[in-house]
Amino acid sequence: MGQTVLVTGASGLLGSQVRREFDIDGWMSIGTGLSRISPPEIIKLDVRDGASIERVLDEVKPHVVVHCAANRFPDSCSADPAAAKALNVDSSKALAEGTTARGIFLIYISTDYVFSGRKGEAPYKPDSNTDPSNIYGQTKLDGEKAIFEVAKTKGKQNQVVVLRVPVLYGKADDPKDSAVNVLMSQLWESQKIQPGQPKIKVDNWALRYPTNTSDVGRVCRDIATLYLDPANANRELPSVLQFSSEDKMTKWEIVNTFAEIMGLPLEGMEPFVPDDDPGDRVKRPYDCHLDTSALKELEIDVGTVGFQFWWRKEVGAFR
């Protein structure tokens, strides 16, 4: 009998592709969602409800859980820190308690925003000093600490792993699900802007490393396969891993790439550099480039699809 994976947040940007990558590799791949569900592939689960977590784990009996469900939006997290903590920290702890008690391997998806991103510090290694610049990064870091505390208390070696990833793009039901995909929508919206009307401002300061969700899904699958291998049962494996593409660009450079691909002008958009003092805005880091050497040492493929190649293919499919 094959192995089973449970993917939380499987109706979202990342979770949908993580579930797909396990599925095409022959796993029994079950997802969870809160509102966008389609049983039996995606079942309902509110990860903020500990009793529901326990019930689903007992019903599905997964070998692996990939925890993708999270509030990934910095502005939303800052607007409601308590809700962000409930989803990013408390639910992660409850999930870890459920998985460790049942001998289930847990992959917790975290973020490059656990680092400060100050100029001159990147690339960051898994053991580099963490110093989040906003509430989103802090709650994801607190989620990391929470699952490790559970594992330590239960004495469960190699049963919880953190995988940090940067800004993501890929197949999405709603472009707003991705800070990258939404830029393509903004490019199209900018075509309606008339001379004299305010232009759409796009950040040309922070360095981003947009990474495709399918690549992240593949890496999750490879991590799960490695850590579940009985030959590695007594091997000391890393508890924090990091994955990222090497496509470095600002959001303005991303928009320029989209404009080139689509053959559209940029008259309705303009670059801007934020002030040192963010004022009422949520502070964003400058450069949180992640070092992927720990994955390479495990002989896990860290290659990624080319940014332009993927988008040219994606757009061509809908022409």
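Worth pointing out:
- Boolean, Trp205 is part of a helix (DSSP H, G or I), in contact (Cβ under 8 Å) with a residue 24 or more places away in the chain and either among the aromatic types (Phe, Trp, Tyr) or open to solvent by 20 Å² or more (accessible area, probe 1.4 Å) (or both): no
- Scanning segment 145-184 for residues being open to solvent by 10 Å² or more (accessible area, probe 1.4 Å), within 22 Å of Ser244 (Cα to Cα) and part of a helix (DSSP H, G or I) gives a total of 7.
- Exclusive hit being open to solvent by 80 Å² or more (accessible area, probe 1.4 Å) and in contact (Cβ under 8 Å) with a residue 12 or more places away in the chain, set Leu57, Leu95, Leu34: Leu34
- Among all positions in segment 187-196, there is no residue which is within 21 Å of the chain's Cα centre (by Cα) and either open to solvent by 20 Å² or more (accessible area, probe 1.4 Å) or not assigned by the TED database to the domain that holds Gly263 (or both).
- Check on Ala172, touching a residue at least 60 places away in the same chain (Cβ under 8 Å) and over 22 Å from Arg118 (Cβ atoms): yes
- Unmet criterion (only one of (1) in contact with a Ser or Thr (Cβ under 9 Å, 6 or more places away or on another chain); (2) open to solvent by 70 Å² or more (accessible area, probe 1.4 Å)) for Asp127: (1)
- For segment 19-31, a residue qualifies if it is open to solvent by less than 50 Å² (accessible area, probe 1.4 Å) and out of contact with any strand residue (DSSP E or B) (no Cβ under 8 Å at 6 or more places or on another chain), and exactly one does: Glu21.
- Among residues of segment 194-233 being in contact with a Phe, Trp or Tyr (Cβ under 9 Å, 6 or more places away or on another chain) and among the charged types (D, E, K, R), the one that is farthest from Ser245 (Cα to Cα) is Lys201.
- Selection within segment 102-124: residues that are assigned to a helix (DSSP H, G or I) and in contact with a Ser or Thr (Cβ under 8 Å, 6 or more places away or on another chain). The member of this set that is farthest from His289 (Cα to Cα) is Val114.
- Residue in segment 219-238 that is in contact with a Ser or Thr (Cβ under 7 Å, 6 or more places away or on another chain) and either charged (D, E, K, R) or outside the structural domain of Lys140 (by the TED database) (or both) present: no
- Some residue of segment 100-119 being open to solvent by 50 Å² or more (accessible area, probe 1.4 Å) and in contact (Cβ under 8 Å) with a residue 60 or more places away in the chain: yes
- Residue check, Ser52 under 23 Å from Gly2 (Cβ atoms), of a type outside the set (D, E, K, R) and without any contact (Cβ under 8 Å) to a residue 60 or more places away in the chain: no
- For Leu241: the one exception among (1) in a strand (DSSP E or B); (2) surrounded by fewer than 20 Cβ atoms within 10 Å (Cβ to Cβ): (2)
- Subset tally (residues that are part of a helix (DSSP H, G or I), among the hydroxyl-bearing types (Ser, Thr, Tyr), open to solvent by 10 Å² or more (accessible area, probe 1.4 Å) and within 23 Å of Asp112 (Cα to Cα)) for segment 208-235: 2
The values are calculated or read from the model by the stated rules, or taken from the named source; none is laboratory data. These numbers come from a predicted model, not from an experiment. Here the Cβ is made from the backbone with ideal geometry for all residues, glycine too, and neighbour counts use every protein chain on show. Surface accessibility is based on the protein's heavy atoms, side chains included, excluding ligands, DNA and RNA. Shrake-Rupley method; radii C 1.70, N 1.55, O 1.52, S 1.80 Å.
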